[in-house]
Amino acid sequence: MEESFVTYSKVNFNTMNPKSEDIRIEDIAHALSMMVRLNGHYDTFFSVGQHSIQCCKEAMSRHYVPEVSLGCLLHDASEAYLSDVIGSSKQNMTMYLQIENQLQGAIYKKFLGEVPMGEASVLIKGINDACYYFEYKHFMGIEKRPNEPMILSEMSYEFEPFEKVEKEFLELFNKLMSEIKKSKLGNNYPVKDEASKIKI
């Protein structure tokens, strides 16, 4: 059995041993724009890319630092390489969770320099949960918890063309990477040249 597969940008990607140079934002944006949420059980197509963008915009609406907003944009990025698995099943898939955590960590380190921990991790999870609450309520008519979470940004659940979602994902990525780079330069931090702009 082959240990790697060919991505959209024609990289031979090994999910068990992900290399930083093989993780490309173009592949992530493209794959997530075409990947359906909840394994297709909503009554219309809503992509992982759209959900990721909504989470990012919510973080920006709350004026969180760009590192947290970027963390929100990338929080499901491992699914570009592993596919989405419904949470109730995933929690019992020990090996999958190990692979997912390793890959998601590699993605965070590639673009953020570190895996979000502490308060940053709590903020990212909080936004993901809030966006999922309203998404699930819209599509399924079910409230996932008794108290409605706060949301500041405008939520839209209309079908968006794949190309539009991919383009917006990359635009947000470039914007946030540029802000992070400027912030680090302003604080005299060393900056890797990974913030160079991706063509859209």
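Bear in mind these aren't lab numbers, they're just calculated from the coordinates by the rules spelled out. A quick note: this is a predicted structure, and the numbers were derived from the prediction, not measured. Cβ placement follows ideal geometry from the backbone for every residue including glycine, while neighbour counts extend to all protein chains displayed.
Can you give the FRET efficiency to the nearest 0.05 for Q102 and E158, using r as the Cβ-Cβ distance and R₀ = 25 Å? Kindly include the intermediate steps, with their values, before the conclusion.
Details: r = 35 Å, r/R0 = 1.40.
So the FRET efficiency works out to roughly 0.10.
Subtract the Cα-Cα distance of K125 and N92 from 0.36 nm times their separation in residues, and report this length gain in nm to one decimal. List each step's numbers first, then the result.
Values: separation 33, 0.36 × 33 = 11.88 nm, distance 1.98 nm.
Full extension from K125 to N92 adds 9.9 nm.
Using Cα extents along the principal axes in Å as the read-out, say which of (i) 79, 39, 27; (ii) 47, 47, 33; (iii) 48, 34, 25 was calculated from these coordinates.
Computing Cα extents along the principal axes in Å and matching it to (i) 79, 39, 27; (ii) 47, 47, 33; (iii) 48, 34, 25 gives (ii).
Between E2 and N39, what is the spin-label point distance in nm, taking each point 7 Å from the Cα along the Cα→C-beta axis?
Roughly 2.5 nm, to one decimal.
Just need the relative contact order of segment 13-83 here, percent rounded to a whole number, with Cα pairs under 8 Å and 6+ apart. All intermediate terms of the calculation are to be shown ahead of the outcome.
Working: 56 pairs, mean separation 22.6, N = 71.
Reported relative contact order: 32 percent.
Would you mind ranking T7, T94 by Cβ crowding within 10 Å, fewest neighbours first?
Details: T7 19, T94 9.
Lowest to highest Cβ neighbour count: T94, T7.
Label points 7 Å out from Cα along the Cβ direction at L82 and I142: separation in nm?
The modelled label-to-label distance comes out at 2.3 nm.
Most fluctuating residue of L38, L103, L176 in a GNM of the chain with Cα springs under 10 Å: which is it?
Comparing L38, L103, L176 in the GNM, the peak value goes to L38.
Put +1 on the Cβ of each Lys and Arg and -1 on the Cβ of each Asp and Glu in the chain; which of G126, Y157, V85 then has its Cα farthest toward the positive end of the dipole?
Going by the Cα projections, it comes out as G126.
Quote the relative contact order of the chain in percent (integer), defining contacts as alpha-carbon pairs under 8 Å separated by 6+ residues. Walk me through the numbers on the way to the answer.
Numbers: 228 pairs, mean separation 50.3, N = 200.
Over the chain, the number comes to 25 percent.
Starting from the Cα gyration tensor of segment 8-92, take the square roots of the eigenvalues, sort them a ≥ b ≥ c, and report rounded, prolate or oblate (rounded when a/c is under 1.5, otherwise prolate if a/b is larger than b/c, else oblate).
On the way: a/c = 1.63, a/b = 1.10, b/c = 1.49.
Oblate, because a/c is 1.5 or more while a/b does not exceed b/c.
Can you classify segment 118-175 as rounded, prolate or oblate using the Cα gyration tensor, where a ≥ b ≥ c are the square roots of its eigenvalues, rounded means a/c under 1.5, and otherwise it's prolate if a/b beats b/c and oblate if not?
Oblate, because a/c is 1.5 or more while a/b does not exceed b/c.
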